[in-house]
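Asks: After the structure tokens below, expect a handful of questions from me.
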Amino acid sequence: MKDYEIIRLREYPELLDPAADWFHAKWGIPREAYAESMADCLKKEGPVPQWYVVTRGGAIIAGLGVIENDFHDRKDLAPNVCAVYVEETHRRRGIAGRMLGFVCGDMAAMGVDTLYLLTDHTAFYERYGWEFLCMAQGDGEPEPSRLYIHHTP
């Protein structure tokens, strides 16, 4: 991943505004929701929430977050990796896998060795050590989605 850098937002507070804008543009969730969660991340009061971006040449080209619940009915399965996104022009280069591995390791270092992830993808996350756990109903979604689990030894 030459030229790419995985950044912990908690270490680069100056990226809060650009990161909130970037995630909002990708997912359509209100920018304020991202900014609020990212501000909580910067308070360093616990391991969740956390936000990560991947940059190349100073531009954000990928990112994800770790939040308590990714808007689904299984509130008992927490925390959740959320908002995983890699810009189309940077896909198929292993960035998502490296980013997921980095985040799992970083969260484990903070004492969180089990993470969950809600997605409609099939087979993608298995490549990176995630296991299908169950179906979960996303808030406002007509159909249930796949919920995955990842344990860091």
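The values are calculated or read from the model by the stated rules, or taken from the named source; none is laboratory data. Remember, predicted model here, so these are calculated numbers, not experimental data. So basically every Cβ, Gly included, is an ideal-geometry build from the backbone, and we count neighbours across all protein chains shown.
Asks: Specify the residue that is nearest to residue 88 (Cα to Cα); the eligible residues are those in region 42-57 that are of a type in the set (A, V, I, L, M, F, W, C) and outside any loop (DSSP other than H, G, I, E, B). Lay out the reasoning, then the answer.
Replies: First, the residues of region 42-57 that are of a type in the set (A, V, I, L, M, F, W, C): 42, 48, 51, 53-54.
Retained after the next criterion (residues that are outside any loop (DSSP other than H, G, I, E, B)): 42, 51, 53-54.
Values: 42: 29, 51: 20, 53: 15, 54: 14 Å.
Applying the filter and picking the extreme gives 54.
Asks: Out of region 119-138, which residues are out of contact with any Lys or Arg (no Cβ under 9 Å at 6 or more places or on another chain) and not in a helix (DSSP H, G or I)?
Replies: If the condition is that a residue be out of contact with any Lys or Arg (no Cβ under 9 Å at 6 or more places or on another chain) and not in a helix (DSSP H, G or I), then 123, 124, 129, 130, 131, 138 are the ones that fit.
Asks: Just checking, does region 27-38 include any residue being in contact with a His (Cβ under 7 Å, 6 or more places away or on another chain), closer than 24 Å to residue 105 by Cα, at pLDDT 95 or above and surrounded by 14 or more Cβ atoms within 10 Å (Cβ to Cβ)?
Replies: yes
Asks: Determine the pairs where a residue that is among the basic types (Lys, Arg), located within region 27-44, has a partner that is part of a helix (DSSP H, G or I) and surrounded by 13 or more Cβ atoms within 10 Å (Cβ to Cβ) with Cβ atoms under 7 Å apart, the partner being 6 or more residues away or on another chain.
Replies: 31/20; 31/21; 31/24; 44/10
Asks: Let me ask something else about it. How do the pairs read when you match residues in region 78-104 that are at positive phi and part of a strand (DSSP E or B) with residues anywhere that are modelled with pLDDT of 95 or more and aliphatic (A, V, I, L, M), using Cβ under 8 Å and keeping only pairs 6 or more apart or on different chains?
Replies: So the pair list comes out as 83/64.
Asks: Tell me, please, whether a residue that is at pLDDT 95 or above and outside any strand (DSSP E or B) can be found in region 2-9. It would help to see each step written out before you state the result.
Replies: Of region 2-9, the ones at pLDDT 95 or above are 6-9.
Filter once more, keeping what is outside any strand (DSSP E or B): 9.
Within region 2-9, one or more residues are at pLDDT 95 or above and outside any strand (DSSP E or B).
Asks: Same structure, new question: Residue by residue through region 65-77, note down the ones that are farther than 16 Å from residue 12 by Cα, out of contact with any Gly (no Cβ under 6 Å at 6 or more places or on another chain) and assigned to a strand (DSSP E or B).
Replies: Correct list: 66, 67.
Asks: Are any residues in region 113-148 within 14 Å of residue 69 (Cβ to Cβ) and of a type in the set (A, V, I, L, M), and if so, which ones?
Replies: 115, 117, 118, 136, 147
Asks: Picking from 39, 20, 62, 25, which residue would you name as being in a helix (DSSP H, G or I), among the small types (Gly, Ala, Ser) and touching a helix residue (DSSP H, G or I) at 6+ places or on another chain (Cβ under 6 Å)? Steps first, answer last, please.
Replies: Details: 39 fails: touching a helix residue (DSSP H, G or I) at 6+ places or on another chain (Cβ under 6 Å); 62 fails: in a helix (DSSP H, G or I); 25 fails: touching a helix residue (DSSP H, G or I) at 6+ places or on another chain (Cβ under 6 Å).
One residue alone meets the criteria, 20.
Asks: Pull up region 39-55, narrow it to residues that are over 12 Å from the mean Cα position of the chain (by Cα) and under 15 Å from residue 7 (Cβ atoms), then point me to the one that is surrounded by the most Cβ atoms within 10 Å (Cβ to Cβ). Give the derivation first.
Replies: If we filter region 39-55 for residues that are over 12 Å from the mean Cα position of the chain (by Cα), which is where we start, we get 39-47, 55.
Still in the running and under 15 Å from residue 7 (Cβ atoms): 41-42, 55.
Values: 41: 25, 42: 15, 55: 18.
So, considering only residues that are over 12 Å from the mean Cα position of the chain (by Cα) and under 15 Å from residue 7 (Cβ atoms), the one surrounded by the most Cβ atoms within 10 Å (Cβ to Cβ) is 41.
Asks: Inspect region 63-75 for any residue being more than 22 Å from residue 132 (Cα to Cα), over 15 Å from the mean Cα position of the chain (by Cα) and not basic (Lys, Arg) and give the result as yes or no.
Replies: So far as region 63-75 goes, no, none of its residues is more than 22 Å from residue 132 (Cα to Cα), over 15 Å from the mean Cα position of the chain (by Cα) and not basic (Lys, Arg).
Asks: Right, here's the next one. Which count do you get for residues in region 109-118 that are surrounded by fewer than 17 Cβ atoms within 10 Å (Cβ to Cβ), outside any loop (DSSP other than H, G, I, E, B) and touching a residue at least 12 places away in the same chain (Cβ under 8 Å)? Can you show your working first?
Replies: Of all residues in region 109-118, those surrounded by fewer than 17 Cβ atoms within 10 Å (Cβ to Cβ) come to 109-111, 113-114.
Pick out the ones that are also outside any loop (DSSP other than H, G, I, E, B) and you get 109, 114.
Now drop any that are not touching a residue at least 12 places away in the same chain (Cβ under 8 Å), which leaves 114.
Adding up the residues that qualify gives 1.
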